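Notes for the one structure printed next.
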Amino acid sequence: MDIKEAILTRRSVKHYDPEHQMTAEEVNMLMEHAILSPTAFNLQHWRFVNVEDNALRQAIREASYGQAQVTDASMLLILCADLNAWEKDPQRYWRHAPKEVQDFMLPAIEGYYTNHHQGQRDECFRSAGIAAGTIMLMAKGMGYDSCPMDGFDFDKVARLINLPHDHVIVMMITIGKKLQDARPRSGQLDLEEVFFTNTFPEQTK
Ligand SMILES: Cc1cc2nc3c(=O)[nH]c(=O)nc-3n(C[C@H](O)[C@H](O)[C@H](O)COP(=O)(O)O)c2cc1C
């Protein structure tokens with residue numbers, strides 16, 4: 001499947017075959033591609049939790065207002081991020097870069113993130129959001145469907161997965177074999193309403 005077809009056919013699917021299991025090779029293939037997604041300063045601050053345990057899936061479903069895809073999908077992936085990845089041995093993010101690049105990037109990381117709590121959090125959400133897109137399109141290319149989710153109690157899910165104190169949950173993604181098509185698209189805005197050239201139009205007061 002080419003990238004255009006994956007984009008055109010990806011939909012948020014809510015009904016999956018609960019009997020279908022992804023192989024370990026498929027899960028690895030999906031995640032090996034996910035971690036090629038771009039991240040700010042190459043921090044790779046996303047952390048992914050693949051929930052395989054049935055009882056834990058059930059508990060997360062209850063924390064997700066009963067949404068069936070949480071237990072029925074082949075894969076339930078919780079996209080998290082480490083707010084402090086920027087200060088955890090950052091040399092390793094640039095270890096294969098030339099020395100002059102390392103000499104520039106490492107102080108730049110420290111300068112940007114130190115005491116910049118909003119930036120630390122924003123970058124986690126930006127980078128994990130991009131990874132979510134990669135994962136959903138990769139899944140589509142592998143013959144699977146997916147659904148991004150934030151309809152759950154973040155605090156409850158954090159406790160259930162033992163989220164470290166300096167990490168955040170960004171969203172969940174379910175991935176599996178579709179039993180039922182998504183409903184027809186519910187109403188895309190016209191491109192002119194969301195796409196501008198150079199500046200926003202003048203506001204009329
Ligand atoms: C951040 C985010 C959170 C979402 N949370 C849920 C959710 O909790 N449950 C659900 O069924 N769909 C959820 N969706 C799916 C949206 O409803 C869906 O993307 C939107 O209606 C457009 O449909 P499409 O993805 O099929 O094009 C979420 C989507 C995003 C991007």
Cα-Cα over 29 Å, subset of 4/178; 4/88; 14/156: 4/88
Positive end of the charge dipole of the chain (Lys, Arg +1 and Asp, Glu -1 on Cβ, about the Cα centre): tell me which of 54, 67, 141 has its Cα farthest that way. 67
With a 1.4 Å probe and all protein chains left in place, how much of the accessible area of the range 3-194 comes from carbon and sulfur atoms, in whole percent? 52
Using a 1.4 angstrom probe on the protein heavy atoms only, line up 134, 199 by accessible area, largest first. 199, 134
Solvent exposure of the range 1-157 as accessible area per residue, Å², 1.4 Å probe: 53
Per the C-alpha gyration tensor (a ≥ b ≥ c, the square roots of its eigenvalues), the range 86-205 is rounded if a/c is under 1.5, else prolate if a/b beats b/c, else oblate; here it's oblate
Could you order the peptides 144-152, 50-58 from most to least packed, using the average number of other C-beta atoms within 10 Å per residue? 144-152, 50-58
Cα centroid separation, the range 33-60 to the range 93-141 (Å): 15
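The values are calculated or read from the model by the stated rules, or taken from the named source; none is laboratory data. As the structure is a prediction and not an experimental result, all values here were calculated from the model. All Cβ positions, even for glycine, are placed from backbone atoms using ideal geometry, and neighbour counts span all protein chains on display. Remember, those area values only see protein heavy atoms, side chains included, never the ligands or the DNA or RNA. Shrake-Rupley method; radii C 1.70, N 1.55, O 1.52, S 1.80 Å.
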